[in-house]
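Here's the structure, in structure tokens; my notes come after.
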Amino acid sequence: LGGGRGRLGGFESGAGADRKPQVYVRAQLTLKEQGGEVTEAEKEASITIAQELREGEKGKTGEENIIGSSINSVRGAMANAKWIQNLIRNIVDVIESLFNLINWVDPQKSMLVYAGICLVLVCLLVVKTRYLVLVGGLQQFLSGLLRSGRRKKKEKRKEEEGKDKGKDEGKGENGRAGTRKLGNPISNLIAMVPTNEDLRRYYFWENFRLGEIEKERINEKRRVARLRTLFKAKFQGSVSLRTAEGEWSGGHFLVLQSHRVAWWKSERAFDNGEACLGQIHFSGHSGLAGLSPLDMRTLGKQELARCSCVFGRSGGRAVGVEGDS
């Protein structure tokens, strides 16, 4: 077992009339040293023992184990199911490709097919059927005749050139050099036409992009109607606000009304009806103010031209830079 040595001792059998025959076996296992070589006799012994163990797993009548046979049956059924599924998929793909070829999914290939059909119709109208049958039969006869003639010429050329056998092994059937098979043109044409699943994958991201654009357009239309009717906004757009700690926070959506200015986290938050992050009411001591020396020093020229400082109730002073909107 695994390169080990087995030694069998003697055996005894009961000779009494009231006792059944018995065999007493004494076995001893001697393991090989680690890294030692395995001889041919040890390999044969290991194979023989493995075969005996497999035979022992079978029943007394020679039948296989029920559990093992059940597992093999399940695996075979799964393999057959996969094969049937792939076969059905291939058949459906061919049908969908033919359907799309007729429906001008690929205009170039559909034009080629319809042009070929029109050419065949013209030939059938102009040329008589017996002539077409004659040409088809002659083509089969002449192709075989020409092929045999080319084969004889090549064999004669090989004999004259005296090519060795090593070079002949790389040749294809009928003494011809192995050439790459191009396949059936009709099957290649059908395989080049996309199926419905291929079209879905091709146009998925395009449809997704158009859907997002349409969704954004609808949201913008609702937002503008809401700002005009409910908020009566004087200005709305994306701005960057400066916090009390002096840090800038971008992407906010600001709405300027006649009595207050309010801002949300983003346009989506405003569309979803969330509460505003902050607001300043224009009541009492309120209005516009100039920038502080610290703001003048930290802001750039372009930011200074677009920056506004508003103060009032419920928020104190807010500095904002108008965004692209």
Exercise. What are the pairs, 6+ residues apart or on separate chains, where a residue within the stretch 209-234 that is under 19 Å from TRP264 (Cβ atoms) has its Cβ under 9 Å from a residue that is open to solvent by 100 Å² or more (accessible area, probe 1.4 Å) and not charged (D, E, K, R)?
Worked result: none
Exercise. Limited to the stretch 251-276, what total is found for residues that are open to solvent by 50 Å² or more (accessible area, probe 1.4 Å) and either in contact (Cβ under 8 Å) with a residue 40 or more places away in the chain or under 38 Å from the mean Cα position of the chain (by Cα) (or both)?
Worked result: 5
Seminar exercise, completed: Reported set for the stretch 35-53 where residues are among the polar types (S, T, N, Q) and surrounded by 11 or more Cβ atoms within 10 Å (Cβ to Cβ) is THR39, SER46
Exercise. For ALA305, all conditions in the list (1) outside any loop (DSSP other than H, G, I, E, B); (2) small (Gly, Ala, Ser); (3) in contact with a strand residue (DSSP E or B) (Cβ under 9 Å, 6 or more places away or on another chain) hold save one; what is the number of the exception?
Worked result: (3)
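On the given criteria, is CYS118 modelled with pLDDT of 90 or more, part of a helix (DSSP H, G or I), more than 24 Å from ARG89 (Cα to Cα) and open to solvent by less than 80 Å² (accessible area, probe 1.4 Å)?
yes
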Seminar exercise, completed: Within the stretch 181-192, restricting to residues that are at pLDDT below 75 and open to solvent by 70 Å² or more (accessible area, probe 1.4 Å), the one that is nearest to ILE102 (Cα to Cα) is LEU182
Problem set entry | Filter result for the condition that a residue is modelled with pLDDT under 90 and surrounded by 10 or more Cβ atoms within 10 Å (Cβ to Cβ), over ASN100, ASN80 | ASN80
Problem set entry | Pair list, Cβ < 9 Å and 6+ apart or interchain, from the stretch 131-152 residues that are over 27 Å from VAL120 (Cα atoms) to residues that are at pLDDT below 75 and open to solvent by 100 Å² or more (accessible area, probe 1.4 Å) | ARG150/ARG176; ARG151/ARG176
Exercise. Where residues in the stretch 233-250 are part of a strand (DSSP E or B) and out of contact with any His (no Cβ under 9 Å at 6 or more places or on another chain), which of them is least open to solvent (accessible area, probe 1.4 Å)?
Worked result: GLY237
Exercise. When you go through (1) at pLDDT 75 or above; (2) open to solvent by less than 100 Å² (accessible area, probe 1.4 Å); (3) more than 30 Å from TYR114 (Cα to Cα) one by one for GLY178, which number turns out not to apply?
Worked result: (1)
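Which residues, counting only those in the stretch 277-295, are in a helix (DSSP H, G or I) and open to solvent by 40 Å² or more (accessible area, probe 1.4 Å)?
Our first condition is that a residue be in a helix (DSSP H, G or I); within the stretch 277-295, this holds for 293-295.
PRO293, LEU294 - these are the residues of the stretch 277-295 that are in a helix (DSSP H, G or I) and open to solvent by 40 Å² or more (accessible area, probe 1.4 Å).
The values are calculated or read from the model by the stated rules, or taken from the named source; none is laboratory data. This one's a predicted model, so the numbers in the text were calculated from it and none came from an experiment. We place every Cβ from the backbone using ideal geometry, glycine too, and count neighbours over all the protein chains shown. Surface accessibility is based on the protein's heavy atoms, side chains included, excluding ligands, DNA and RNA. Shrake-Rupley method; radii C 1.70, N 1.55, O 1.52, S 1.80 Å.
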